Amino acid sequence: MEQQAQPVVIDPAGRDIHSEGARLRARGPAVLVELPGKVTAWAVTDPVLLKSLLTDPRVSKDPRQHWAAWANGEITPQWSLFAWVAVTNMFTAYGGDHRRLRKLVSPAFSARRTESLRPRIEAMTAELLDGLASSPAGQAVDLREEYCYPIPIGVISDLFGVSDEETRREMRRLVDSIFNTAKSPEEAAVTFQESRDLLAGLVALKREQPGDDLTSALIAAREEDGSRLTEGELVDTLMLMVSAGHETTVNLLDNAVHALLTHPDQLALVTSGRASWSDVVEETLRVQAPVASLPLRYAVEDIEAAGVRFAKGDAILASYAAAGRHPAAHGPDADRFDVTRLDKEHLAFGHGVHYCLGAPLARMEAAIALPALFARFPGLSLAASPDELEPVRSFISNGHRRLPVRLTAAPGATA
């Protein structure tokens with residue numbers, strides 16, 4: 001990898017993602033960074049350059065074919081981010097393999113299938129709000145735990161036919177650990193294996209008891225024609241969909257609520273109808289990208305762009321949070337949460353052939369959950385000062401460990 005300067009060491013615990021993003025932007029459109037385990041990559045923070053690279057066929061997501069460090073044996077199961085690059089699914093596929101794998105999953109996220117989930121999401125939301133309303137008066141409630149988590153994890157579990165509560169809890173624990181980029185290499189290796197074991201168990205169960213769910217559909221495709229999906233790809237596809245299928249939405253809900261509670265003027269614009277809930281969702285995605293940085297992509301050949309030379313085999317880190325706040329795109333107040341901002345363009349769901357399949361579903365979940373929450377509890381307030389809130393231990397996931405709030409129901413509402 002060509003060395004332009006001493007790499008910027010990325011904080012694996014993600015303690016101040018936005019300050020770190022500002023430092024990276026100040027050094028240019030792409031800057032060499034050091035990830036955990038002293039692995040180097042180019043962090044791309046300029047949205048124009050990032051969009052260009054995300055659609056460039058000379059940029060791959062397959063480490064086995066195109067990452068020099070992988071080919072040289074430098075990346076082992078002991079690397080704390082191994083689970084992010086070692087899986088064999090559409091997240092790490094390139095070219096024809098990516099198209100083959102994405103085609104198998106796409107029907108589950110069609111516009112019609114997504115819309116069909118609306119009644120279930122609305123019912124789940126109403127049930128959770130009733131539960132919150134039964135909390136003792138004045139008691140602080142962790143909204144991330146009690147509201148932001150249950151909706152997305154419930155939806156994705158339904159999609160994949162995971163009805164057993166113990167399996168859901170274990171699935172969530174493992175996903176939290178995968179996104180925790182501050183864990184030790186030993187913990188990472190255990191998490192990776194446990195995740196595969198859990199999902200292999202789900203596959204075995206669904207082979208015996210198939211249902212109307214995506215897991216059963218993928219198994220049927222595998223057994224109908226093994227060339228469409230290997231057993232490893234089947235398990236790793238489930239790992240991708242289960243993890244990515246809820247973490248992004250959890251953070252979106254968490255960050256949107258936090259932004260509105262810390263910007264009462266913006267909340268007033270929405271509740272008065274002068275701005276829409278769609279404005280809230282898109283501005284939250286821009287200013288607080290649920291996935292701050294996503295590993296990894298690789299240069300298939302030498303690429304010269306924006307004054308930077310990405311050498312063949314170099315790793316590339318998509319810095320979505322930093323790109324969303326880039327002053328060149330959004331002006332000197334790019335850091336400010338402003339639901340009236342005319343240009344809310346962002347890359348929070350990626351771009352190009354790897355654009356997130358579940359983006360419409362995440363938007364719909366937020367469009368249902370957010371207005372329902374503030375309608376039920378118009379006096380909702382934070383139960384801690386903003387500087388007391390801790391971020392999740394990750395430079396990938398961007399959210400809070402806890403979001404303590406106090407609830408105030410609307411007049412006449414059942415408490």
Per-residue ellipticity at 222 nm for the chain, helices alone: DSSP H runs ≥ 4 residues times -39500 (n - 2.57), over residue total, nearest 500 deg cm²/dmol? -15000 deg cm²/dmol
In the range 327-415 the accessible area split gives carbon plus sulfur, as whole percent at 1.4 Å, a share of 56
Answer with one residue from PRO12, ALA329, ASN180: the one whose Cα lies farthest towards the positive end of the charge dipole of the chain, charges on Cβ with Lys, Arg +1 and Asp, Glu -1. ALA329
In whole Å, what is the distance between the alpha-carbon centres of the range 40-75 and the range 340-415? 30
At q = 0.13, 0.14, 0.15 Å⁻¹, what is the base-10 log of I(q)/I(0) for the range 126-234 according to the Debye formula with one equal point scatterer per Cα and no solvent? Please give it to two decimals. -0.65, -0.72, -0.80
Can you give me the P(r) profile for the range 178-232? Cα pairs, bins 5 angstrom wide beginning at 0, each as a whole percent. 4, 18, 21, 18, 13, 12, 10, 4, 0
Cα-only radius of gyration and Dmax that characterise the range 190-273, units Å: 19.5, 56
Which order do the peptides 195-207, 129-141 come out in when sorted by mean C-beta neighbours inside 10 angstrom, highest first? 195-207, 129-141
Which whole-angstrom value gives the distance between the alpha carbon centres of the range 141-191 and the range 194-241? 19
I want to verify the translational diffusion coefficient of the range 94-152 in µm²/s; compute it with Stokes-Einstein, Rh as the Kirkwood radius over Cα pairs, at 10 °C and 1.306 mPa s. 111
For the chain, compute Rh as the Kirkwood radius over C-alpha pairs and then the Stokes-Einstein diffusion coefficient at 37 °C and 0.692 mPa s; write the answer in µm²/s, rounded to an integer. 149
Quick calc of log₁₀ I(q)/I(0), the range 313-415, Debye, one scatterer on every Cα, no solvent, q values 0.12 1/Å, result -0.63
Which residue, chosen from ALA111, ALA93, LEU132, occupies the Cα position most advanced towards the positive end of the dipole of the range 90-139, where the dipole is computed from +1 (Lys, Arg) and -1 (Asp, Glu) charges on Cβ about the Cα centre? ALA93
Excluding ligands, DNA and RNA, what is the solvent-accessible area per residue of the range 338-415 at a probe of 1.4 Å, expressed in Å²? 44
One point scatterer per Cα, no solvent, Debye formula: log10 I(q)/I(0) for the range 258-346 at q = 0.14 Å⁻¹ comes out as -0.60
Can you tell me the relative contact order of the chain? Whole percent, Cα pairs under 8 Å, sequence separation 6 or more. 27
Sort ARG100, ARG64 by heavy-atom solvent-accessible area, probe 1.4 angstrom, most to least. ARG64, ARG100
With every protein chain kept in place and a 1.4 Å probe, the range 131-206 has an accessible area per residue in Å² of 42
Would you kindly state the longest site-free stretch of the chain, with sites defined as GluC sites (Glu not before Pro) in a DSSP loop (not H, G, I, E, B) surrounded by at most 16 other Cβ atoms within 10 Å? 75-300
Could you work out what % of the accessible surface of the range 91-148 is carbon and sulfur, using a 1.4 angstrom probe and leaving DNA, RNA and ligands out of the count? 52
³J(HN,Hα), Karplus 6.51/-1.76/1.60, whole Hz, each residue of the range 298-304, x for Gly, Pro: 9, 6, 6, 8, 4, 10, 9
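The values are calculated or read from the model by the stated rules, or taken from the named source; none is laboratory data. Small disclaimer: the values here were computed from a predicted structure and weren't measured. Note: ideal-geometry Cβ built from the backbone for every residue, glycine included; neighbour counts use all protein chains shown. Accessible surface is based on the protein model in full, side chains and every heavy atom, while ligands, DNA and RNA are left aside. Shrake-Rupley method; radii C 1.70, N 1.55, O 1.52, S 1.80 Å.
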